[in-house]
Amino acid sequence: MKQTFSIYIHLPFCIRKCRYCAFTSDEGYSEGTIEQVIDTILLEAEIRNKFEPWISGQTTSLYLGGGTPSILSGDQVIRLVSSLRSILTFADDCECTIEVNPGTITDRKIHSWHDAGINRISLGVQSFDPPTLQRLGRIHTATQAEDAFIKLAGSGFANIGVDLIYGVYPLDNPSDEEVQSRWQHTLKKTINLGPTHVSAYSLTLEPGTPLYRDAGNWMKVKVDEDSEIEQYYNAIDTLASAGYTHYEISNWAGSQAYKCRHNLGYWNGSPYLALGPSAHGFDGENRRYWNHSDTETWKRSIETAIFHKPAVEKHDISTADNRNDAVAGSESLTPEQRFMEELTLGLRMIEGINLEKMQENALQRHVHWPPAKMEELIRTGYLSRDNGILRYTRKGFVLADEIEVLLFT
């Protein structure tokens, strides 16, 4: 059976960068620049396809992220995806996702996405509250977001996910009660539209972003911790009452079939191939690599590497640092680091982790078991242990990042 892997493509173009976003993106782009980036991504795919596991495996998920991939014309998306299919092996049922900003949709693009084999839409709604959208610096309105969903569903897309952000303090200085009411409005509007998948992430103030600077100037841009937790619990309860399955800390699916296959690959520790500036990849064993974040630097590195073809057709990615193959850097995870990742990522899944299996993995990797703080976290109610399964509790969900550190200290 062939090794399976995912592909993540970073398309670094935005009409206007959102005020919270720290991802690599370029506002000053041209059609010629987009074409050059697509060409370079395809060159990079050819380089990577000289390595395992990509050369002999097949991809079960393709994710076009960014940036704003829906800026690309329909023809550009068709060219990118069809060319990738000629370079790499795609599974017949490959999940192909494109991130879509509601302010960039056209009928022509929607038709082209179908033609390209895109079968999943990740719609970046973020909120149905106008002041919240303004605070976040989104280019679309709440009405455009609703219209975009209806148009996509009406065109035949059966798998449409909606992405939301909570923890945002709107621009018009509402009361705490009104902040909660606005979030509830967004949740109910989302449910009424009927997406197959919902992601809800708390606003993170990333250094260097406009919102981070606003917060540093004593502007209130994020709700307090108690309000944020209340919003998260509200999402859990409201989505559950609407029939959505909470399958990962920040993700809900309308059914088993609509769990995001691409993200499941990350959480399950499967290999993922990274293409495009700032993209990160993993070979599924112990090797991570990352691309140059600056688009021009990344392009030059690929163009240089394409003229240094490997002497043989099959390579292990661990040779990457010894060749000019366009990665900005890489690292090898120790057995202990790999085990810690398996444990912490596995805990993010609502189903939890099998303790017997994790103990066996620890023994194989010569890692101490159990983690230092596991019993204490169970005793204090942040983790639960039931029938050999370790899970986060409801109050553990909101402190998952801190607990991941505490487990091993």
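The values are calculated or read from the model by the stated rules, or taken from the named source; none is laboratory data. If you're wondering where the values come from, they're calculated on a predicted model, not measured in any experiment. Using ideal geometry, Cβ is built from the backbone for each residue, glycine included, and neighbour counts are taken over all protein chains shown. Calculation scope for accessible area: heavy atoms of the full protein, side chains included, ligands and nucleic acids excluded. Shrake-Rupley method; radii C 1.70, N 1.55, O 1.52, S 1.80 Å.
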Multiply the residue gap between Asn234 and Glu178 by 0.36 nm, knock off their C-alpha separation, and tell me the result in nm, one decimal place.
18.8 nm
Shape call for the range 164-285 from the C-alpha gyration tensor, a ≥ b ≥ c root eigenvalues: rounded (a/c under 1.5), prolate (a/b greater than b/c) or oblate?
oblate
Charges only on Cβ, +1 for Lys and Arg, -1 for Asp and Glu: so what's the dipole of the chain about the Cα centre, in debye to the nearest 20?
400 debye
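Sum up the charges of everything whose Cβ sits under 15 Å from the Cβ of Glu402, counting Lys and Arg as +1 and Asp and Glu as -1, but leave Glu402 out.
Net charge around Glu402: -2.
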Convex hull of the range 55-182 built on C-alpha atoms - directionally averaged projected area, nm²
8.8 nm²
As an exercise, find the ratio Rg/Rh for the chain from alpha-carbon atoms, using the Kirkwood inverse-distance average for Rh.
0.96
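Only Lys, Arg, Asp and Glu count, each charged at its Cβ (+1, +1, -1, -1), so figure out the dipole size of the range 1-136 about its Cα centre, rounded to 20 debye.
That gives the range 1-136 a dipole magnitude of about 280 debye.
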Projected area averaged over all directions for the convex hull of the alpha carbon atoms of the range 1-44, nm², comes out at 4.6 nm²
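Scale the Cα Rg of the range 79-123 by the rule-of-thumb value 2.2 N^0.38 Å and send over the ratio, two decimals.
Numbers: Rg = 11.3 Å, N = 45, 2.2 N^0.38 = 9.3 Å.
With N residues counted in the range 79-123, Rg over 2.2 N^0.38 Å equals 1.21.
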Approximate spin-label separation Glu285-Glu376, in nm, with each point projected 7 Å along Cα-to-Cβ
3.7 nm
For the range 365-409, shape from the Cα gyration tensor axes a ≥ b ≥ c, cut at a/c of 1.5 then a/b versus b/c, turns out oblate
About the Cα centre, and with charges only on the beta carbon of Lys, Arg (+1) and Asp, Glu (-1), how big is the dipole of the range 91-141? Nearest 20 debye, please.
360 debye
Classify the range 1-132 from the C-alpha gyration tensor, please: rounded if a/c falls under 1.5, else prolate or oblate depending on whether a/b exceeds b/c.
prolate
In Å, what Rg and Dmax follow from the Cα atoms of the range 251-307?
15.1, 47
Both in Å, the radius of gyration and Dmax of the C-alpha trace of the range 44-91 are 11.8, 32
With a 1.4 Å probe and all protein chains kept in place, how much accessible area does Ile15 have, in Å² rounded to the nearest 10?
90 Å²
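Per DSSP H run of at least 4 residues, take -39500 (n - 2.57); add these up for the chain, divide by its residues and hand me the 222 nm value, nearest 500 deg cm²/dmol.
Working: 15 runs with 163 residues, N = 409.
Helix contribution divided over all residues of the chain: -12000 deg cm²/dmol.
Rank Tyr289, Tyr29 by accessible area, highest first, at a 1.4 Å probe radius?
Tyr29, Tyr289
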Can you give me the C-alpha center-to-center distance between the range 10-81 and the range 286-303, rounded to a whole angstrom?
13 Å
Lone Cys, the chain, Cβ cut-off 4.7 Å -> Cys14, Cys94, Cys96, Cys260
Three principal axis lengths of the range 110-231 [C-alpha, angstrom, descending]:
49, 30, 22
If contacts are Cα pairs under 8 angstrom and at least 6 residues apart, what is the relative contact order of the range 230-278 in percent?
17 percent
